[in-house]
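The values are calculated or read from the model by the stated rules, or taken from the named source; none is laboratory data. Remember, it's a predicted structure, so these values are computed and weren't measured experimentally. Neighbour counts run over all protein chains shown; Cβ positions are idealised from the backbone, glycine included.
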Amino acid sequence: MNPLNRHHPGQRARGSSTLEIVTLIVIFGLLAAVAFPIFERMREIHRNNRFEQEIRRVIEALTVYATENDGYPDSPGPGVAPEGMEGYLSGFDWSAPTPFGGEWEWVNNRFGVRAAIAVLDPDVSEDHLERFDTAYDNGDLETGQYRFISEIRYAYVLEGGEPRNRADGESANR
């Protein structure tokens, strides 16, 4: 008998049974099912925090600009920094996607608001935006500081007009 073989003569080495393998697969599947929603929620919280931080940074810069220049800069269009903001927002990339996807857009006297920082075509779900709005504003995507100012623009409104229906005047104000 081989001294390294601990089995009795005539007995085969025992491997894992099919039942044991299936049990392990089920356990790992259950762990993944529990962990995945937790990871997704953590990802959403991270996106929300990053979005809020970037918005606050832009608000601060625009407020200083408006104070020093007796008004806000003009709206240059999506993905483009407002003229004159370079010194106020060094390192902020207006052309980079927002944490919510889509493009940054400075809105001045358009879409029924005096001044707003918008996300044009966010790629997060409306449910995500509602959860964000509940955490950081009033939970209503049509009113408050954070709201839709058009069908495709979710914005933080610095100075506004009346909240409006997203579908109102969309084609005229794109």
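In the range 89-111, what count of residues is obtained for those that are in contact with a Pro (Cβ under 8 Å, 6 or more places away or on another chain) and farther than 25 Å from residue 44 by Cβ?
Looking only at that region, the number is 2.
Output the residues belonging to the range 119-164 that are closer than 24 Å to residue 46 by Cβ, out of contact with any Gly (no Cβ under 9 Å at 6 or more places or on another chain) and of a type in the set (A, V, I, L, M, F, W, C).
129, 132, 135, 141, 148, 155
Please verify whether residue 173 is loosely packed, with under 15 Cβ neighbours inside 10 Å and modelled with pLDDT of 95 or more, treating the condition exactly as stated.
Values: loosely packed, with under 15 Cβ neighbours inside 10 Å: yes; modelled with pLDDT of 95 or more: no.
Considered against the rule, which asks whether it is loosely packed, with under 15 Cβ neighbours inside 10 Å and modelled with pLDDT of 95 or more, residue 173 comes out as no.
Checking the structure you have, find out if any residue of the range 37-44 is assigned to a loop (DSSP other than H, G, I, E, B) and either surrounded by 13 or more Cβ atoms within 10 Å (Cβ to Cβ) or among the charged types (D, E, K, R) (or both).
No, the conditions are met nowhere in the range 37-44.
Out of 143, 134, report the one residue that is over 18 Å from the mean Cα position of the chain (by Cα) and within 30 Å of residue 37 (Cα to Cα).
Answer to the selection: 143.
Within the range 90-111, does at least one residue satisfy the condition of being more than 20 Å from residue 149 (Cα to Cα), more than 21 Å from the chain's Cα centre (by Cα) and free of Cβ contacts under 8 Å to residues at least 12 places away in the same chain? Steps first, answer last, please.
Initial filter on the range 90-111 (more than 20 Å from residue 149 (Cα to Cα)): 90-93, 95-96.
Add one more test, that the residue is more than 21 Å from the chain's Cα centre (by Cα), and what stays is 90.
From what is left, the residues that are free of Cβ contacts under 8 Å to residues at least 12 places away in the same chain are 90.
Yes, the range 90-111 has at least one match.
Which residues, taken from the range 74-126, are loosely packed, with under 15 Cβ neighbours inside 10 Å, part of a loop (DSSP other than H, G, I, E, B), among the polar types (S, T, N, Q) and touching a strand residue (DSSP E or B) at 6+ places or on another chain (Cβ under 9 Å)?
Across the range 74-126, the qualifying residue is only 95.
Given the conditions (1) at pLDDT 90 or above; (2) loosely packed, with under 11 Cβ neighbours inside 10 Å; (3) of a type outside the set (Ser, Thr, Tyr), and given that residue 12 satisfies all but one, which numbered condition is not satisfied?
(1) is the only condition that residue 12 fails.
How many residues, within the range 127-144, are part of a loop (DSSP other than H, G, I, E, B), closer than 18 Å to residue 52 by Cβ and of a type in the set (S, T, N, Q)? Give the derivation first.
We begin by selecting, within the range 127-144, every residue part of a loop (DSSP other than H, G, I, E, B); these are 137-144.
Among the residues that remain, those that are also closer than 18 Å to residue 52 by Cβ are: 137-141, 144.
Then keep just the ones that are of a type in the set (S, T, N, Q); that gives 138.
Final tally of qualifying residues: 1.
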